[in-house]
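Here is the structure we will look at.
The values are calculated or read from the model by the stated rules, or taken from the named source; none is laboratory data. Note that the structure is a prediction, hence the values are computed from the model and not measured. Heads up, the Cβs are rebuilt from the backbone with ideal geometry, glycines too, and the neighbour counts pull from every protein chain shown. Please note that ligands, DNA and RNA were not included when accessible areas were found on the heavy atoms of the full protein model with its side chains. Shrake-Rupley method; radii C 1.70, N 1.55, O 1.52, S 1.80 Å.
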Amino acid sequence: MADHADDGGIANLALSRRNMLLGAVLGGASAIAFVRQPAIANPVVAEKNFESWVPEQFGNWKSVSQSGVVLPPPDALRDRLYDNLVTRVYTAPDRPPVMLLLAYNNAQDGVLQVHRPEFCYPVGGFVLSDTLDIMLEASGKDVPANFFTATAPNRVEQVAYFTRLGASYPRKWSEQRAAVIRANLAGDIPDGMMMRVSALGIDRQEAQPLLAGFSREFIENSNPRMQRLLLGPDSKG
């Protein structure tokens with residue numbers, strides 16, 4: 001009987017040690033996970049500050065309106081997606097009007113991410129052409145961007161846009177999610193910025209240089225803080 005009691009005590013002691021070791025390992029893993037938890041890398045931008053960084057006039061372009069711009073669906077999710085959302089319509093002599101949308105959020109956490117225009121336009125009843133990969137240039141920096149045509153019964157809109165997540169310029173949802181994951185693994189929750197420009201009543205051949213030139217002038221004449229939001233922290237602005 002004594003032998004059985006001794007065996008039981010030894011077994012209980014071994015089990016207790018295994019539990020303690022397992023608890024220490026799990027506790028250590030939790031501590032490491034907490035330390036490595038991604039942190040928000042950028043502060044929220046006050047709405048009035050963001051709007052003040054958008055130039056009312058630059059070069060031959062002048063802001064004349066905020067109406068007519070296709071917006072993301074007006075729901076509670078949109079309010080969570082964007083800290084800042086600004087629209088403008090600009091005109092210049094002998095040029096078609098250009099519509100501008102700027103959307104910014106200081107934290108792209110992999111769940112809430114800036115909506116891409118390919119989502120917003122179909123919700124508004126538009127049929128989209130294939131999306132083309134284009135490059136925009138501003139302040140000596142090449143920016144990967146997208147271009148497509150959005151068609152509705154009484155409206156044909158040529159659209160160019162780019163998104164910046166941290167230091168990346170994803171053209172697709174898959175690239176956008178990958179950019180967030182890379183930043184999270186590096187310990188950061190990146191910010192997200194989208195610039196969308198568009199024009200009505202012209203064809204693709206006319207629209208691409210118009211929108212590219214407008215984008216370059218707008219960025220280069222914006223407040224340096226807006227330039228950093230558009231081009232990233234390593235920009236010259």
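Here the stretch 58-78 is the region considered, the condition is being in contact with a Phe, Trp or Tyr (Cβ under 9 Å, 6 or more places away or on another chain) and open to solvent by 70 Å² or more (accessible area, probe 1.4 Å), and the residue that is modelled with the lowest pLDDT is V64. Quick check on the stretch 110-127. Is at least one of its residues farther than 28 Å from E47 by Cβ, out of contact with any Pro (no Cβ under 6 Å at 6 or more places or on another chain), assigned to a strand (DSSP E or B) and in contact (Cβ under 8 Å) with a residue 24 or more places away in the chain? Yes, the stretch 110-127 contains a residue that is farther than 28 Å from E47 by Cβ, out of contact with any Pro (no Cβ under 6 Å at 6 or more places or on another chain), assigned to a strand (DSSP E or B) and in contact (Cβ under 8 Å) with a residue 24 or more places away in the chain.
I need the full set of residues from the stretch 138-167 which are in contact with a strand residue (DSSP E or B) (Cβ under 8 Å, 6 or more places away or on another chain), in a strand (DSSP E or B) and of a type in the set (G, A, S), in order please. If you could, list the steps in order and put the result at the bottom.
Applying the first criterion (in contact with a strand residue (DSSP E or B) (Cβ under 8 Å, 6 or more places away or on another chain)) to the stretch 138-167 yields 142-152, 155-166.
Adding the requirement that they be in a strand (DSSP E or B) leaves 142-152, 155-165.
Across the stretch 138-167, the qualifying residues are A145, A150, A152, A160.
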